[in-house]
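Okay, structure first, notes after.
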Amino acid sequence: MKANINIEFYGKTISAKDLEDEAKLVWKEEGRKIKDMRELDLYYKPEEGNCYYVVNGTETGSFHVEAK
């Protein structure tokens, strides 16, 4: 079974898949390989439009993403 998770707030929506894809893109843009991501934790703060991530329990970062 595949679950589609969407976050809705103030009339806007963003999917968990969109956040995951953006985190992977940021990771690659930093010169890293997707295959090195064993674990990805995402923390989305809709009031800020920021998503914070932790890769493999140690690597951290964030990116801005607007819901539509």
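The values are calculated or read from the model by the stated rules, or taken from the named source; none is laboratory data. All figures in this text were calculated on a predicted structure; none of them were measured in a lab. Reconstructed Cβ throughout: ideal geometry from the backbone, glycine too, with neighbour counts over all protein chains shown. Each accessible area value is taken on the protein alone, full model and side chains, heavy atoms only, with ligands, DNA and RNA left out. Shrake-Rupley method; radii C 1.70, N 1.55, O 1.52, S 1.80 Å.
Computed from label points 7 Å out along Cα-Cβ, the spacing between Leu42 and Asn4 is 1.5 nm.
Each helix, a run of at least 4 DSSP H residues, gives -39500 (n - 2.57); summed and divided by the residues of the chain, these come to -6500 deg cm²/dmol at 222 nm.
In the chain, a dipole from Cβ-located charges (positive for Lys and Arg, negative for Asp and Glu) runs towards its positive end, and of Ala16, Tyr43, Tyr53 it is Ala16 whose Cα lies farthest in that direction.
Per the 1.4 Å probe, what fraction of the accessible area of region 1-66, in percent, lies on carbon and sulfur atoms? Roughly 47 percent of what the probe reaches on region 1-66 is carbon or sulfur. Checking (i) 5.0; (ii) 6.3; (iii) 8.0 against the coordinates, the calculated mean projected area of the Cα convex hull in nm² falls under label (i). Relative to the longest principal axis of the Cα atoms of the chain, the long axis of helix 16-29 makes an angle of roughly 40 degrees. When the residues Tyr10, Tyr53, Tyr44 are ordered by accessible surface, computed with a 1.4 Å probe over the protein chains alone, the sequence from largest down reads Tyr10, Tyr44, Tyr53.
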